[in-house]
Each structure stands twice: as structure tokens, then as C-alpha cells.
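For reference, the structure is listed below as C-alpha cells.
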Amino acid sequence: MDMNATPQSGQRVPFGTRPGLATVTWFHRKPEHSNQHCLYCGEFVGVGSVVESDKEHLINRRIAAPGLMADPKAFNFIFRACKRCNREKAEIEDHISAVTLLTSPGREDPLIDAVACAKAAASFDRRRGQPVGQVRHEFKVAMGPFTFGMIAGAQVEPDAIRLLAFRHVQGIFSLCTSLDPRRSETTRLLSGDRFGFFSAYSYRDWGNPKLLEIARRAHGYVRLAEFTTADGFFRAALRPGPEGDPWFWALEWNQNYRIVGWIGDPFTPPAPFQDLPPLTWHRISPTDRIREEAPLPENAEDLLFDPVAS
Ligand SMILES: [Zn+2]
């Protein structure tokens, strides 16, 4: 097992941009035929392990809109994970899925809209103790001599976004770099001290100058994994940096949140991603600031993910 692997480029490419890619399964009911380590925490879950483990879907129906599981051809990645990680991920998926779907442009589709409403009613905002669909954040904004109230809907906790993104990237990383997950020596895991995270942006802000520049700089990288699944409600990219530079990754959840980061020193963005254009914030009170969001222009080329092949 290689917990702190520095990724190298030029490794095998298990899947590309084709839609309808077959699901990859590392799970077997017999531990000796499954992956030997939980891909999330690294615990040994092979034969003789005292750690309880079970089947994990990297892209769970909790995070993506329906259709994913209905389509047997939709790509997914199934493996053995320890029960603790499995349960923890399921909880944050439930919360993030409810919020991202509730505010997703995908709700124009009546089917998606119905699911979004059902999820919002069923999922609880832990901090507020209310269903996600009923949460309203009220806050006061002072501008010059005026004070006015604003109301926002449920929001995803930043720590939850970061953790779920980490889990997704861990799964994709192990899938792409492990030669044989049934043996510890040929299993590669991504540990938290190699996980760099820029930020998450809602679809209303996909055109902000910082995200556009990140996408532009990562555009020329080699595609190790690049896929769209779950009826377009889950997208991912994993790209090794040129000449041993840190890798780049990107995720998109429910056609709403785009999350970007790198694999390398988590405290310092790698050289190719330094000096990014700053985002302009306006202070509206001693504790609050706001920023004008920038959607991706209608006809602009989307450089973050490759177009979906038809
Ligand atoms: Zn685990």
C-alpha cells in the first residue's frame, strides 16, 4: 500500500470520455477477492480484518439525481469500504445532494424537480434542525445609512463539500493508479496530506475569473480520467500535471456545484495555479461580505470539462 504516493504521469487509463462506460467493480462478497484497503481511510479490510466493511458506490444515488441507477450502463465504481467511512460519506451525500439539487438548474425538468422537492423535504439541515427545503437564513445588510434584510436558502457546509470531494477524488485516484487492488503492494491510496482544494462554485458563478483561469491552465493536461455519468449529474476530471507537477482534479455535482483542486502539498497551490485573478468582495457589514457571481456566458467555451462525446 502506498499512502503518500506522489502520482506519476503515464499510468494506465482505465476509462475515457465515452458515455455509457461500464461500471468497475472491485467489490466481492469474499474479502480476498475485493480491494484490500478501505480507499478512504486506508484501513485493511481484507481476510482476517477486524474492521467491519461493506459495499460502497463511489457515486451514490444520494449525491446524483435519479437515472443513474436506472441506467445499468451508467459508469460507477463499486468497492469495499469500511463501514465507518461508508456511513460518514452517506450522511454528507444526503445533505449535499438535497441542497445542490434544490438549487440546480436541472429542476427545469419536472422529474428532477419532483426528486429535488422530495429530497429537500426528507433531508435535515443538522445545524437548523429543519428539512433542507424549509431552511431560510435571514441576515441584515448595512449599506451606507440603510439597513435591509436578506434571505437565503439552505447552504452546504464548506467542510462537508471538502470531505465529499476528497472521497470522490480518492476513489478515482485509486481506480486509475492501482495495478491490483487485491494486493496491498499494488494498491495506491490518496491521503489527506496530498489533497489540495481551491473552492466550490455554484453554476451561477462558473464564469468567475478565478475559475475560468484555473480551467484554462489545466486544459492542456493529460486526461487520466474524464467522465460524465448519472445522466449528466456527476462529472469528474483527473489530470496529471506535466513533468511530475502536481495533478489537477475537478468535480461537478448535480449540474450545480463545481469543485476544483490539486494533488500535492495541500497548503500551497502548485506553481501552475499561483497568481490567479482575485475575486472582488464588497464588505457589507463588519462580519459579512458579498461578491457578484458570474455565470458562464451562454456561448463561451467550457474549458473545465471536456465536452460529452455523443
Ligand atoms: Zn474507511
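Strictly over 18 Å apart at the Cα level, which of LYS30/LYS55; LYS83/LYS119; LYS55/LYS83 would you flag in this model?
Values: LYS30/LYS55 11 Å; LYS83/LYS119 24 Å; LYS55/LYS83 9 Å.
Listed pairs above 18 Å: LYS83/LYS119.
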If I take R0 = 51 Å and measure r between the Cβ atoms of PHE267 and LEU111 in this structure, what FRET efficiency does the formula 1/(1 + (r/R0)^6) give, to the nearest 0.05? 0.75
FRET efficiency, 1/(1 + (r/R0)^6) with R0 41 Å, evaluated for ILE284 and VAL51 via beta carbons: 0.25
What accessible surface, in Å², does a 1.4 Å probe find on TYR221, ignoring ligands, DNA and RNA and rounding to the nearest 10? 20 Å²
In the neighbourhood of HIS57 defined by beta carbon distances under 12 Å, the net charge of the other residues (Lys, Arg +1; Asp, Glu -1) is +3
Going by accessible area, probe 1.4 Å, with all protein chains left in place, what is the ranking of HIS37, HIS219, HIS282, largest first? HIS282, HIS219, HIS37
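The values are calculated or read from the model by the stated rules, or taken from the named source; none is laboratory data. As the structure is a computational prediction, the values presented were derived from the model and not from experiment. Here Cβ is always computed from backbone atoms with ideal geometry, including for glycine, and neighbour counts include all displayed protein chains. Heavy atoms of the whole protein, side chains included, go into the accessibility calculation; ligands, DNA and RNA do not. Shrake-Rupley method; radii C 1.70, N 1.55, O 1.52, S 1.80 Å.
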